[in-house]
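Contents: one structure, followed by commentary.
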Amino acid sequence: MTGETLEPTRGKLERSLSQGIQALYRSQLGQQTSQVVCHLLDNKLIIVIENGVTQPEKLLAENGQEDLALQVRLQLESVLEVQMKDLIKEVLGVGVTDLLSDATLETGRTGTIAILESAPKVRDSSSKSKTQPKTQLEAPEGGCADG
């Protein structure tokens with residue numbers, strides 16, 4: 001063996017989560033999201049859902065019922081919270097400590113930050129990880145590093 005692990009890459013986990021969230025919105029809300037983007041940063045997961053606001057919420061907001069539309073959104077987020085936490089735990093293999101969500105009715109965009117119990121295990125890749133500290137920049141070829 002070369003010491004390689006069978007752990008998934010960060011990109012694979014992010015794609016799996018995006019697909020799972022799209023399926024959750026489709027099955028539970030009847031909502032076809034246009035895009036779900038997930039970014040894993042250490043023990044934090046950032047999720048942006050485009051077209052995540054349902055048609056009834058939009059209808060209420062467009063007809064002067066913004067407060068009711070926001071109440072509906074809060075209730076939907078509350079109902080979906082357990083399923084979202086379960087999905088995240090299933091895909092990443094770590095539990096969720098906190099789930100913070102908000103939506104903008106005007107744009108239909110939803111944002112969620114999940115605070116994870118720990119950073120999930122991911123396979124190292126040859127490129128720099130988003131969680132690795134930045135290294136000092138090297139001087140360009142033929143250039144001077146000291147200035």
Subject >> helices (runs of 4 or more DSSP H) contained in region 1-117 and holding at least 1 residues within 16 Å of the chain's Cα centre (by Cα) and surrounded by 15 or more Cβ atoms within 10 Å (Cβ to Cβ) >> reply: 10-29, 66-92
Subject >> Lone unmet requirement of (1) under 21 Å from the mean Cα position of the chain (by Cα); (2) in a loop (DSSP other than H, G, I, E, B); (3) more than 22 Å from residue 35 (Cβ to Cβ); (4) modelled with pLDDT under 95 for residue 130 >> reply: (3)
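The values are calculated or read from the model by the stated rules, or taken from the named source; none is laboratory data. Quick caveat: nothing in here was measured; it's all calculated off a predicted structure. In this analysis, Cβ positions are derived from the backbone assuming ideal geometry, glycine residues included, and neighbour counts consider all displayed protein chains.
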